[in-house]
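J.: Before anything else, here's the structure in question.
The values are calculated or read from the model by the stated rules, or taken from the named source; none is laboratory data. Small disclaimer: the values here were computed from a predicted structure and weren't measured. Cβ atoms come from the backbone with ideal geometry, glycine included; neighbour counts cover every protein chain shown.
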Amino acid sequence: MSEENYIEDSEYINIFKKVPIVCVDIIIQDLSEKFVLVKRNNEPLKDEYWVPGGRVFKSEKVIDACSRKSLEELGLEVDSSEWSFVGYYEADFIKNAFEADTHYHVICLTFICNRLIDSSKINLDSQSSDYILVSELPEDFTSQFPFRRF
């Protein structure tokens with residue numbers, strides 16, 4: 001993360017107490033039609049398998065955030081041209097990574113890419129403890145997109 005995009009925890013808590021956070025969720029589908037899920041180390045959704053993703057930085061294009069999150073969280077380089085927009089959803093989580101006494105409202109812009117995945121090349125960052133390749137995305141996730149088939 002560049003120095004200009006770093007936000008101290010106390011400042012970030014004040015921000016998400018007042019405004020929703022814009023995030024990307026990335027769906028990576030292997031050519032064998034399996035999806036990559038990561039086991040989250042942090043709230044919200046701690047210890048659950050979910051799609052990778054995270055917040056969009058100021059002055060960062062959303063599509064570039066997808067490629068950045070893929071590289072940071074999975075060690076997979078994905079060119080911006082490989083992403084296709086799926087849709088968006090909003091979530092309001094009671095728990096957050098900072099144990100702040102406030103809910104965490106996110107607006108998640110969701111993108112998908114289809115590519116050959118060499119699972120031996122997946123390199124998780126500290127946000128996740130494991131990954132799996134699955135035939136179905138979590139129902140809690142797919143229910144956010146009632147008109148989309150994954």
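J.: Only residues that are part of a strand (DSSP E or B) and either over 20 Å from residue 140 (Cα atoms) or at pLDDT 90 or above (or both): list them for segment 1-25, please.
T.: So the first thing to find is which residues in segment 1-25 are part of a strand (DSSP E or B), and the list is 21-25.
Scanning segment 1-25 gives 22, 23, 24, 25.
J.: Residue 76: surrounded by fewer than 15 Cβ atoms within 10 Å (Cβ to Cβ), farther than 19 Å from residue 145 by Cβ and not β-branched (Val, Ile, Thr), yes or no?
T.: Details: surrounded by fewer than 15 Cβ atoms within 10 Å (Cβ to Cβ): no; farther than 19 Å from residue 145 by Cβ: yes; not β-branched (Val, Ile, Thr): yes.
Answer is no for this residue.
J.: Now for a different question. Residue 76 versus (1) at pLDDT below 95; (2) under 14 Å from residue 124 (Cβ atoms); (3) aliphatic (A, V, I, L, M): which is the lone unmet condition?
T.: All conditions are met except number (1).
J.: Can you spot a residue in segment 6-13 that is in contact (Cβ under 8 Å) with a residue 60 or more places away in the chain, over 20 Å from residue 126 (Cα atoms) and in contact with a Leu (Cβ under 9 Å, 6 or more places away or on another chain)? Spell out how you get there, then give the answer.
T.: Step one: of segment 6-13, the residues in contact (Cβ under 8 Å) with a residue 60 or more places away in the chain are 9, 12-13.
Filter once more, so that each one left must be over 20 Å from residue 126 (Cα atoms): 13.
Then keep just the ones that are in contact with a Leu (Cβ under 9 Å, 6 or more places away or on another chain); that gives none.
No - not one qualifying residue is present in segment 6-13.
J.: Then there is this: If I ask for residues that are out of contact with any helix residue (DSSP H, G or I) (no Cβ under 8 Å at 6 or more places or on another chain) and either within 18 Å of residue 57 (Cα to Cα) or modelled with pLDDT of 95 or more (or both), which ones from segment 91-118 would you list?
T.: 97, 106, 107, 108, 110, 112
J.: Scan segment 26-54 for residues that are part of a loop (DSSP other than H, G, I, E, B) and among the β-branched types (Val, Ile, Thr) and jot them down.
T.: Narrowing segment 26-54 to residues part of a loop (DSSP other than H, G, I, E, B): 31-34, 41-48, 51-52.
Matches in segment 26-54: 51 only.
J.: Given the conditions (1) in contact (Cβ under 8 Å) with a residue 12 or more places away in the chain; (2) part of a loop (DSSP other than H, G, I, E, B), and given that residue 59 satisfies all but one, which numbered condition is not satisfied?
T.: Of (1) in contact (Cβ under 8 Å) with a residue 12 or more places away in the chain; (2) part of a loop (DSSP other than H, G, I, E, B), only one is false for residue 59: (1).
J.: On the basis of being surrounded by fewer than 16 Cβ atoms within 10 Å (Cβ to Cβ) and either more than 13 Å from the chain's Cα centre (by Cα) or modelled with pLDDT of 95 or more (or both), does residue 70 make the cut?
T.: Working: surrounded by fewer than 16 Cβ atoms within 10 Å (Cβ to Cβ): no; either more than 13 Å from the chain's Cα centre (by Cα) or modelled with pLDDT of 95 or more (or both): yes.
In short, no.
J.: Can you confirm whether segment 51-58 contains a residue that is touching a strand residue (DSSP E or B) at 6+ places or on another chain (Cβ under 6 Å), under 15 Å from residue 129 (Cβ atoms), of a type outside the set (D, E, K, R) and modelled with pLDDT of 95 or more?
T.: Within segment 51-58 (the criterion being touching a strand residue (DSSP E or B) at 6+ places or on another chain (Cβ under 6 Å), under 15 Å from residue 129 (Cβ atoms), of a type outside the set (D, E, K, R) and modelled with pLDDT of 95 or more), the answer is yes, since at least one residue qualifies.
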